[in-house]
Every structure is written in C-alpha cells, then in structure tokens.
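Below: one structure, written as structure tokens.
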2 protein chains.
Amino acid sequence: MHILIIGAAGMLGRKLTAAVARAPARPVTALTLADTVAVAAPDGFAGRVETPAVDLAAPGSAARLIAGRPDVVVHLAAVVSGQAETDFDLGYAVNLDGTRALLDAIREAGDAYRPRVVFASSLAVFGPPFPDRVPDDFAPQPRTSYGTQKVMAELLINDYSRRGLIDGVSLRLPTICIRPGRPNAAASGFFSGILREPLAGRTAVLPVPDTVRHWHASPRSAVGFFLHATHMDTGPLGHRRALNMPGLSASVAEQIEALRRVAGQAAVDRIKPAPDPLVAEIVGGWASDYEASRARALGFTAETSFDDIINVHIEDELDGRPFAATEAAQ
Amino acid sequence: MHILIIGAAGMLGRKLTAAVARAPARPVTALTLADTVAVAAPDGFAGRVETPAVDLAAPGSAARLIAGRPDVVVHLAAVVSGQAETDFDLGYAVNLDGTRALLDAIREAGDAYRPRVVFASSLAVFGPPFPDRVPDDFAPQPRTSYGTQKVMAELLINDYSRRGLIDGVSLRLPTICIRPGRPNAAASGFFSGILREPLAGRTAVLPVPDTVRHWHASPRSAVGFFLHATHMDTGPLGHRRALNMPGLSASVAEQIEALRRVAGQAAVDRIKPAPDPLVAEIVGGWASDYEASRARALGFTAETSFDDIINVHIEDELDGRPFAATEAAQ
C-alpha cells in the first residue's frame, strides 16, 4: 500500500508518519510525504519514501502528487484558523482551492483510480448557539472563514465520493490537547498550556474561568483517527462522509484536578490566573461537548479521562518524566 | 436604486424584471438585466436599462457587471439540477465558480461598496432521510452536485456577509408550481404538468401515486420572495443568511382536488396515470413539508391553498380563462 500524506511537516503529519513507519497494521510499501518544505524520511521504514516540497495550491502540484497513484491520501495541509481569518485570499486558496485541486487531480487521473481520501476537517465547521451536547447531525454554521472552507471541502468530498471519483472520509477533529511545542497565540492555546508548561516546570497563564468546558483529544488519539480512517469500511457512511471525532468533554477545573493527580500540587501551583475577556469571549462561542456516537460506532476511540490525556503527553513528549517527578527524584 | 439581475432571461428573471419595472415599492432608477443572451428591456420602465449578454463564469464578466455599482444584486443564474449532474465541470463552473467570481468582484471593487446580494438557492441543499416536517435548522446534506454547489455558495455568502463585504441573503426556493411553458424532462415536472396541461385543454401524465406529498409555491410568490429580499432588514438574520422559503405542503390528490374545484371534472379527466418507477423513486427522496417559520417571521409569504396556486396561474398565464371555462362559454 502506498500512502500519501499532504501536510507531513506539521505536528500531526510528523506523528502520523512515525506511526505508519513504526508499526503498520497492514503492509505499507511506499510513503509520499509532501509539504511546502521537504520533510525528513522516517526512521526504521523499509519501504520507498519520497518527500516532495510542493504548494498544493500551485498549478500542477496536485497532479504531481497523484502521479504515483497512492492508494490512500491523507490531506492535513491547511492554513490555520487565525491566519485564514487575517489573510482572506490565502485561506481560500489553500483550504478550499488546494483541496479541490487535489480532488480534481484524482478525478482527471482516469484509469478508474479511486483512492481513499482522508481529510482533516474541524469542529470549527459548527457555530453558536450550541446545545449542551452537540448531536452528530447538528447543522454546520461556521463563524470563521476557516470553518467555512472546511465545510465546503467536506461537501466536495461528499459529492466526489457520491459520484465514485474518490472514497472520502472527513474527520472533524476536537481541540488537540496536550499540543506539544511552544505556547502560541491561538485562543485555544491555554487548554494545552496550563498542562504542558507546568509539566515542564514552567508557569502558564489561565485566561478564562475554570468553569469553561471544552472538547479534547490527545495527539495520539488524533493519529489513531487517521490510521483508522485509512482502512475503515466506508460503506456504513453512506453519502455522509464527515464525522465528528470522539473526545473528552472536560472543564478547566477538571483538567487542573487531573494535573494535580498526575503531577502533584507543585505543578498546579504553576498555573497563574490572568483573566483575558477577549479570550473568554472567543472560547465562550465554542461548544463544550459532542455526542460523536456515529464515529464511535465506526470504531474511532479517544481518551475517557484527562489523566490519560496527561499521561499520553508524559509518555510521548517527556520520556515518561514530568518536571515535578524529576524534582522529587533529586 | 440600481438593481442588477443576473439570469434575467429565465422564467423567474423575466417575471421579477416585470414586477420591478411595473410597480416598484421603492424608486428603482436603473436596471441591469444580465444573462448569457441579451434580454429585452421591460415595458413601462422609465429608468435606465442595460442588458449585457455575459457568461458569469468567464473571466472579467463579474467585474463588468459590478462596474456600475448596483445597490442590489439578484443572482438567479444557474445550471439546473439535471444538467449539473450530467455535466460535472459546467455545474461547478457556473453554480460555484460563477457565484464566487461575483462575490470576489464585489470584494475587489473597494470604496466600501457593500451591496445587498440576493441569491437563488434551493431546498435541494437538503437530502434524505427527512423528518415529516423539515425544521429550519435541518443540516444540509445534498444528494446532487447541484445541491452541493448551492450550499457551498450559501456558505460563501454567509462568510462574505460576516466579513462585511456584502449584505447577503440566500433564498431556498420550493418547487415552483405551476411552472409555465412546455413540459420538460425534470423529474419534478409533473407537479406543474398535471395542472398546467389540463388548464390548457391538453392531457398530462401522472407518473407517481397521488399520495406523494411535496412543497410548492407559485411563480408569483417566488417573485415576491426576491422583491422582499431586496429591501428586508437583514439584521435579524445574524450570521445565518440562508432561509427556507415558505410554501404549501400538498399531496398530488390535494392538487387534483383543487383542480376539480377550480376548473371542473373535465380538467381532472385530462390527467392520465402512467406509473414511472424511476420518477417515483427520485421524488420519493424529496421532503414533503418544511417549517419555514424563520422566513415567515421575516415577512416572506406564500399561498396557503392550492386553489390559490391554480388561480395565480390562470390570472398570470391564461388571462383569467382556463380552457375548460372557455369551452363552457361556447
């Protein structure tokens, strides 16, 4: 099996590549790892690897990526929410036109070529007002250009799949927590920051009340979603190929209690409340819980406790040793 | 006020043009009537009229149409459902790219130009399974490329409106009944045919059981929707600018009973049952009733009895005299 990952240089792209290379559930004989920058070939993968540096939105790029007829295309490439809001043209060019160029390159390939296409969508396709728990058939009403572009791409994937041109699945991802790396300017950044930074011995700012409730899944779960989608039976999807991915609904207070259980009071003491009305307002417009029963029935799974989400981070990012534990051992 | 109608040569375009020219609720000083063919200037209109023949999907066309800075743009131009299904490229080029080109031409006009844009969408944005009565917040799940293109255009109109680039409204039209003119190949054609043809003294074929229920509005109501949308207050729409238009839910049996009341048994006798399983299957995948409460609350109105729908046709298309009445007068 030949897998093409577009957006392979991103956080999820790198983790997915490593997971595919490390322990493929089925024989992966070739990997094409595409991004706007050339990515490194994964360690320990015996198959053929190509690492083209291409801009999906540029003319001819999509056809070039499809030329090797990958059996599975995982499309992670995107301009993120904040940038799509500030750069109107770039957001539409990459998130909408880039995706459409990919689908059209497949359509124009001929030879009855019909790959599995797994598309990274987002729960940002939805907008307020929200019920306490968002059902699977809730109508997308995006409040950002990013969310608009994602739901438009989902609609293309449904239509191209219905016409038998691709075999598509769109995964609407929860907020990924704990996101590794440095703090960023995203309004959602603190959900990871209040755990990641204390676990690394650094202080973190909490800009919202601890009653705020949100929907989370670990990077490891997200990788699992994509792996599952590469080989799941798409028959039960019918014509509705966009799925709300499972996650864990937790309040900030519950996140903090989990941190206390896993890493102790010293870690919790590194969280510094600093109310930010703007962040509180943005986050207040997000849903706090999703049913995701359709995806669960199809075999997608995520963490069921925040302790697990924290432990995934400690195992995958901190070699099993959070800062507090290191201190205690000294 | 300067109104641009794109798709002015079509059935609704011609009726809307006539209505605007005849009795403008507010002073219309200029009309631009665009279509792929040049249309005739309306009778009795004292203002300035331009009738450009342009293909909206062709480069530069949208900018040319927008050059005169119309205050209101009514966008009716579309490749219809059946053609969008058989001609993939044409459907996307006109229904999606054409609409986007229009919106981008407005965006690029500068000068804080922000016209009202009224977009002819369709209830084809929805797909089965349907509840008995489709609520306003039912999630669009189109089953055709046409429906896909319409909901994608709606999403653009929402996003461009949210960003303050246009002041948009999307009207999801019911099936128009009684559609004037000759019988056509559309699967929905019989809903009009079983009334229009007998009213003209001709026989009509009924391909489905008379228990089939559907959602109808007259051409006159549809024109009223567009007129209302040109000057309604869009504030109450918030960020959700697509509206399910009101209509009348009626079974074929109820249509036929109305025909009997209005035009007599002789007219009903001209309907010839000729079951067509393919048509029955297509129509069976359509919804039979819609709440449309949001649109009604905003001032959109439609007929409340099929007698009225038939009488609208007799008044507007038959000079007040159906064939049966003519016969009786001889």
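Quick note: the coordinates plus some simple rules give every number you see, no bench work behind them. Quick caveat: nothing in here was measured; it's all calculated off a predicted structure. Cβ placement follows ideal geometry from the backbone for every residue including glycine, while neighbour counts extend to all protein chains displayed.
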Original post:
Order of B:LYS15, B:LYS150 from fewest to most other C-beta atoms within 10 Å?
Top reply: B:LYS15, B:LYS150
Original post:
For region A:2-173, what is the relative contact order in percent, using Cα pairs closer than 8 Å and at least 6 residues apart in sequence?
Top reply: 20
**OP:** Set the Förster radius R0 to 25 Å, insert the Cβ-Cβ distance between B:GLU291 and B:ASP316 as r into 1/(1 + (r/R0)^6), and round the FRET efficiency to 0.05.
**Re:** 0.35
Original post:
Residues in region B:1-23 near a label at B:ARG69, defined as backbone nitrogen under 19 Å from the 7 Å Cα→Cβ point?
Top reply: B:1-5
**OP:** Report, by chain and number, residues whose modeled amide H sits under 5 Å from the one on A:ASP35, excluding near sequence neighbours (fewer than 5 apart, same chain).
**Re:** A:GLY7, A:ALA8, A:VAL54
**OP:** Could you check the simple spin-label distance between A:ASP233 and A:GLU257, using points 7 Å along Cα→Cβ, in nm with one decimal?
**Re:** 4.0
Subject >> Gain on full stretching of the segment that runs from B:ALA58 to B:ASP210 - 0.36 nm per residue minus C-alpha separation >> reply: 50.3 nm
Original post:
Between A:ASN184 and A:ASP269, what is the label-to-label distance in nm when each label sits 7 Å out along the Cα-to-Cβ direction?
Top reply: 3.2
Original post:
Can you give the relative contact order of chain A as a percent, counting alpha carbon pairs under 8 Å and 6+ residues apart?
Top reply: 16
Original post:
Which chain B residue comes nearest the axis with its C-beta when you rotate B onto A, and by how many angstrom?
Top reply: B:ALA139, 2
Subject >> Ellipticity estimate at 222 nm from DSSP helix runs (n ≥ 4, -39,500 (n - 2.57)) divided over chain B, nearest 500 >> reply: -11000 deg cm²/dmol
Subject >> Cβ charges +1 (Lys, Arg) and -1 (Asp, Glu), total dipole of region B:2-173, debye >> reply: 480
Original post:
How large is ³J(HN,Hα), in whole Hz, for each residue of region A:245-262 in order, when computed from phi with the Karplus curve 6.51 cos²θ - 1.76 cosθ + 1.60 and θ = phi - 60°, using x for Gly and Pro?
Top reply: 6, x, x, 10, 8, 8, 7, 4, 4, 5, 4, 5, 5, 5, 4, 4, 5, 7
Subject >> Translational diffusion coefficient (Stokes-Einstein; Kirkwood radius from C-alpha pairs) of region B:2-173 at 20 °C, 1.002 mPa s, in µm²/s >> reply: 129
Subject >> Cα long-axis angle, helix A:189-199 against chain A (0 to 90 degrees, to the nearest 10) >> reply: 60
**OP:** May I ask for log10 I(q)/I(0) of region A:112-227 at q = 0.12, 0.19, 0.22, 0.23 Å⁻¹, from a Debye sum over the Cα atoms as equal point scatterers with solvent left out?
**Re:** -0.56, -1.13, -1.32, -1.36
**OP:** For chain B, set up a Gaussian network in which alpha carbons nearer than 10 Å are linked by springs, and say which option among B:GLY91, B:GLY189, B:GLY44 fluctuates the most.
**Re:** B:GLY44
**OP:** Would you mind calculating the gained length between A:ASP137 and A:THR86 on full extension (0.36 nm times residue separation, minus the Cα-Cα distance), in nm to one decimal?
**Re:** 15.4 nm
Original post:
Listing B:THR304, A:THR234, A:THR32 from the residue with the fewest other Cβ atoms within 10 Å to the one with the most, what is the order?
Top reply: B:THR304, A:THR234, A:THR32
**OP:** List the extent of the Cα atoms of region B:1-90 along each of their three principal axes, largest first, rounded to whole Å.
**Re:** 41, 25, 19
Subject >> Three-way shape label, region A:218-326, alpha-carbon gyration tensor, a/c 1.5 >> reply: oblate
**OP:** Grab the other residues whose beta carbon is less than 11 angstrom from that of B:LEU56, score K and R as +1, D and E as -1, and report the net.
**Re:** -1
**OP:** Provide Rg and Dmax in Å for region B:44-86, with only Cα atoms included in the calculation.
**Re:** 13.6, 42
Original post:
What distance in nm separates the simple spin-label points at B:ARG22 and A:ASP307, each placed 7 Å from Cα in the Cβ direction?
Top reply: 7.5
Subject >> Packing-based exposure ordering (other Cβ within 10 Å, fewest first) of B:PHE190, B:PHE138 >> reply: B:PHE138, B:PHE190
Subject >> Assigned charges on the beta-carbon of Lys, Arg, Asp, Glu; region B:187-285 dipole about Cα centre (debye) >> reply: 220
**OP:** Could you please tell me the mean projected area of the C-alpha convex hull for chain B, averaged over all directions and given in square nanometres to one decimal?
**Re:** 16.4
Original post:
Taking the label point 7 Å from Cα in the Cβ direction, how far apart in nm is B:ASP89 from each other copy of itself, listed shortest first?
Top reply: 2.7
Original post:
Size of the dipole of chain A about the Cα centre, Lys and Arg at +1 and Asp and Glu at -1 on the beta carbon, nothing else charged, in debye to 20?
Top reply: 540
Subject >> For the protein assembly as shown, the fraction of alpha-carbon pairs in successive 10 Å shells from zero, as % >> reply: 3, 14, 22, 23, 17, 11, 6, 2, 1, 0, 0, 0
Original post:
Hey, how many Å between the Cα centroid of region A:51-88 and the Cα centroid of region A:173-200?
Top reply: 25
Original post:
Short version: ³J(HN,Hα) in whole Hz for each residue of region B:264-272, in order, from phi by Karplus 6.51 cos²θ - 1.76 cosθ + 1.60 (θ = phi - 60°), x for Gly and Pro, what are they?
Top reply: x, 5, 4, 5, 4, 5, 7, 8, 10
**OP:** Pop out the ³J(HN,Hα) list for region B:102-115 in order, Karplus 6.51 cos²θ - 1.76 cosθ + 1.60 with θ = phi - 60°, rounded to Hz; leave Gly and Pro as x.
**Re:** 4, 5, 6, 4, 5, 4, 7, 5, x, 6, 6, 5, 8, x
